[in-house]
1. Which whole-Hz couplings ³J(HN,Hα) result when phi for each residue of region 21-27 is put into the Karplus expression 6.51 cos²θ - 1.76 cosθ + 1.60, θ = phi - 60°, listed in order with x for Gly and Pro?
2. So what J values fall out for region 69-74 if you push phi through Karplus, 6.51 cos²θ - 1.76 cosθ + 1.60 with θ = phi - 60°, rounded to Hz, Gly and Pro as x?
3. Please give every one of the aspartates and glutamates within straight-line cross-link reach of K54, meaning a C-alpha to C-alpha distance under 13 Å, and leave out same-chain neighbours fewer than 8 residues apart.
4. Report Rg (one decimal) and Dmax (nearest whole number) for region 1-86, counting Cα atoms only, units Å.
5. What residue among I97, I60, I68 has the largest mean-square fluctuation in a Gaussian network model of the chain, using Cα springs under 10 Å?
6. When the helix-only estimate is applied to the chain (DSSP H runs of n ≥ 4, each -39,500 (n - 2.57), divided by the residue count), what is the mean residue ellipticity at 222 nm, nearest 500 deg cm²/dmol?
7. What length, rounded to one decimal in nm, is gained on full extension from A35 through to A10, with 0.36 nm per residue of separation minus their alpha-carbon distance?
8. Using the Karplus curve 6.51 cos²θ - 1.76 cosθ + 1.60 with θ = phi - 60°, what ³J(HN,Hα) values do you get for each residue of region 91-98, in whole Hz, with x for Gly and Pro?
Amino acid sequence: MDLVMVGHFADDAEAQTAVELIAELTDAARAESDAGRLVVGEPSDRFSDEILDKLMAVNIDSIGPTEIEQFLYDVNVTRDAEKVVVTTDELDVLAFIKILLLKGARVEMLSGHDFPGSGYGRRA
């Protein structure tokens, strides 16, 4: 698919906050996977206590239990000044969209295949 999401933030600091939040939630999802509480392809309808505590600690209440596994997908997140660029071959990326929007981004989505001149796609 070569999906590209670009979060345009007001400034570098807001973009960095979003990148750090994605990294924290990715680490939490990996810990869930390592503990056997999260299996990709078998989404749970309930949060573990550990994930619920993490979401509460980072003040995120709009990500559902079935979306946590998205942080285990093959996703590349980079920051270029006030832009956060997320690239993946996945289509199920609502958790990332929510993080970008909740942290104040204007989000642009495009196909890296269909818009190779955008400068964002992995195959550009």
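1. 5, 4, 5, 4, 6, 5, 4
2. Residue by residue, region 69-74 yields 4, 4, 6, 9, 5, 6 Hz.
3. Candidates past the 8-residue exclusion: E24, D27, E32.
4. 13.7, 39
5. I60
6. Numbers: 3 runs with 41 residues, N = 124.
Using -39500 (n - 2.57) per qualifying helix, the result is -10500 deg cm²/dmol.
7. Values: separation 25, 0.36 × 25 = 9.00 nm, distance 3.77 nm.
The A35-A10 span can extend by a further 5.2 nm.
8. 9, 8, 10, 4, 4, 5, 4, 4
Read the figures in this text as sums done on the coordinates, not as results from a lab. Keep in mind the model is a prediction, meaning the values are calculated, not measured.
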